[in-house]
1. Measure off 7 Å from each Cα along the Cα-to-Cβ vector at S70 and L334, then give the distance between these two points in nanometres to one decimal.
2. At 18 angstrom or more along the helix axis (alpha-carbon based) and mean Kyte-Doolittle of 0.5 or higher, what helices does the chain contain? Whole DSSP H runs only.
3. Calculate the length of the line joining the C-alpha centroid of the stretch 71-130 to that of the stretch 312-349, in whole Å.
4. Show that you can apply the helix-only estimate: for the chain, add -39,500 (n - 2.57) for every DSSP H stretch of four or more residues, divide by all residues, and state [θ] at 222 nm to the nearest 500.
5. Counting alpha carbon pairs within less than 8 Å and at least 6 residues apart, what relative contact order, in whole percent, applies to the chain?
6. Dipole of the stretch 76-173, Cα-centred, from +1 at each Lys and Arg C-beta and -1 at each Asp and Glu C-beta, to the nearest 20 debye?
7. What would the Debye formula give as log10 I(q)/I(0) at q = 0.07, 0.08, 0.11, 0.14 Å⁻¹ for the alpha-carbon point model of the chain, no solvent?
8. Please enumerate, by chain and number, the aspartates and glutamates with C-alpha under 16 Å from the C-alpha of K23, excluding those fewer than 8 residues away in the same chain.
Amino acid sequence: MSPVFSNLLAQPGVALAAEAAVKIAVVIVVLMGMVAYTVLAERRICALIQDRLGPNRVGAFGLLQPIADSFKLLLKENVLPGHVNRFWYVLAPTIAMAPPLLTLAVIPFGNTLAGFNLVIADLDVGVLWIFSIASLGVYGIVLAGWASNSKYPFLGGMRSAAQLISYEVPMGLSVVSVFLLVGSLKLSNVVAYQAGTWLIFKAPLAFLIFLVSAFAETNRLPFDLPEAEQELVGGYNTEYGQMKFALFFLAEYANMIVASALIVTLFFGGWQVPFVRVEAFGPILAGALGVAAFFVKLLAFIVFFIWVRWTLPRFRYDQLMRLGWRVLLPLALLNIVATALALALKLRA
């Protein structure tokens, strides 16, 4: 390494920027790999549930199937329908894919490993960042429906706007009780608070509300009404093909991974290993164990999301909206009041 380059990296600001760039690259590569193999996992798990084999021909146990699918999508003809609003039609898939990538910036995947803090940006208002960025995902879907200049994609986009707005409210309110207990909006502090007892045991109602809302926010069955094939032919992505369709497809799985990571962080201790003091193993091994614990929990919730999709039937649209506004919203408000009263009584005692 040249002396000039070494001196440049020695500058505090440059070193921090280089470290952040490395973290961003690693997170994007890991997320894209997880998205590709989550699709394969879904196909194999649904085959297991339906007593089929699933994809098992490309590579050992079908492990190269995601690579084959990627090449297939890349080599498809790039068709641009003549009736669409071209600029917004092309931009919409990118807008749909961006929020999960930005959301991962504040999720801590571990404590420290070899001196590196395993979070890209440990913001003091991390949860506000997550909800502000995650809410932008609806714009990609709405724009896709509108820019397609077709009635079924437009109806799918409008459904998605109504659905995501409806379930963002109880999801956001469910997290309020968590931060009343922790006293901080910083996600690393939330994980540290759970060193003794996971928040799933202290705020079970908040977890249930958040979990149900996460299914709706990620458009997963039984809440995938924006693309209900029986009614909308495919919904907001009907007019899309090739890599533009793939971006919508991958965005759904990326959102599912991010939702699972949030559930693990908020309610299941994040990188904390249950019944084990990882600090006793030394800094490097303790960091590795924390990362491994986080990803084991993350994979468990991804499998849970997939299992539910192939187990429960789709809701009717009126049932979907009624559940959000008449059931989850009152429960979330009640949970906040109950948590605040319990904390007030505890402080007075």
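1. My value for the distance between the label points is 4.8 nm.
2. Both cut-offs are met by 12-49, 86-103, 151-182, 204-217, 242-267, 283-309, 329-348.
3. 30
4. -22000 deg cm²/dmol
5. Across the chain, relative contact order equals 22 percent.
6. 460
7. Values returned for q = 0.07, 0.08, 0.11, 0.14 Å⁻¹ are -0.33, -0.44, -0.82, -1.25.
8. Cross-link targets: D122.
Quick note: the coordinates plus some simple rules give every number you see, no bench work behind them. Predicted, not measured: the structure shown is a model, and the values here were computed from it. Don't worry about glycine lacking a Cβ; one is built from the backbone with ideal geometry, like all the others, and counts go over all protein chains shown.
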